[in-house]
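Beneath this line is the structure, given in structure tokens, with notes to follow.
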Amino acid sequence: RDQRLLAGKKVLITAGGTVERIDPVRYLTNDSSGKMGFAIAETARSMGAQVTLVAAKTSVPAPGGVELVRVQSAQEMLNAVIERLADSDIVIKAAAVADYRPVETAVRKIKKNDEEINVRLVKNPDILQTVGRMKTTQYVVGFAAETERIDEHAMDKLQRKNCDLLVANDVTLEGAGFGTDTNLVRFYDRQGLVEALPLMSKHGVARQLLTLIAERIQTKEGT
Ligand code: C5P
């Protein structure tokens, strides 16, 4: 059956929301739960893949049977991904990477003496875009959480970040996106929309996604 569709494949997956430190006890982050990335990791493993999971802050336990690399910031995630890129067949970037980080992280806890303080932010590196530029034979998959004009923004992101496949979800709809157990997604490739899935569990989405990827890389390999 399709059980072992990814046998022998090395899959690198990122999940969760990055944590950008302001001081030793405070940070900036986002609402990502890690559920989508974890569902992909678990499903890839069940399909026979060798899975490395680079996870930032998550609110659910990580799946077993995978190599787990814990990181905090976008910069740490970037380094962890770059280190493992050459040894990966498939890269799936389900993490919610903070777009900005504090320019500096205070060494000591910031005291509440002043009525106003400023935390200056600087743009984080775009990990997916970096991977898109560096990739050789890897099949690269990005995610996009959109609130409007999904098709247009998804295709723009796919091209800009040089992905092979993009998974877009409309986060304005109930049951889709951050924290939920379900998702409503569309897959895009260079030619445009590939598939619009109905609302389903994140594990269901993971299975559909990985089955599509398995088909695509088999065609690429000409087997
Ligand atoms: O640009 P945007 O954040 O909407 O793109 C989403 C995709 O890009 C996701 O796959 C996300 O993991 C990735 N991303 C990244 N590094 C960033 C921002 C987003 O890898 N700094």
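The values are calculated or read from the model by the stated rules, or taken from the named source; none is laboratory data. Remember, predicted model here, so these are calculated numbers, not experimental data. Note that each Cβ is placed from the backbone with ideal geometry, even for glycine, and that neighbours are counted across all protein chains shown. Surface accessibility is based on the protein's heavy atoms, side chains included, excluding ligands, DNA and RNA. Shrake-Rupley method; radii C 1.70, N 1.55, O 1.52, S 1.80 Å.
For segment 176-215, what are the residues that are in contact (Cβ under 8 Å) with a residue 60 or more places away in the chain and out of contact with any strand residue (DSSP E or B) (no Cβ under 7 Å at 6 or more places or on another chain)? Matches in segment 176-215: PHE178, GLY179, THR180, HIS203, ALA206, ARG207, LEU210, THR211, ALA214.
Candidates ALA44, ALA56: the one that is surrounded by 15 or more Cβ atoms within 10 Å (Cβ to Cβ) and within 12 Å of the ligand (Cβ to nearest atom) is ALA56.
When TYR27 is tested against the conditions (1) touching a strand residue (DSSP E or B) at 6+ places or on another chain (Cβ under 9 Å); (2) within 15 Å of the ligand (Cβ to nearest atom); (3) hydroxyl-bearing (Ser, Thr, Tyr), the lone failure is (2). Residues of segment 65-102 that are in a loop (DSSP other than H, G, I, E, B) and either open to solvent by 80 Å² or more (accessible area, probe 1.4 Å) or within 16 Å of the ligand (Cβ to nearest atom) (or both): VAL71, GLN72, SER73, ALA86, ASP87, SER88, ALA94, ALA95, VAL97, ALA98, ASP99.
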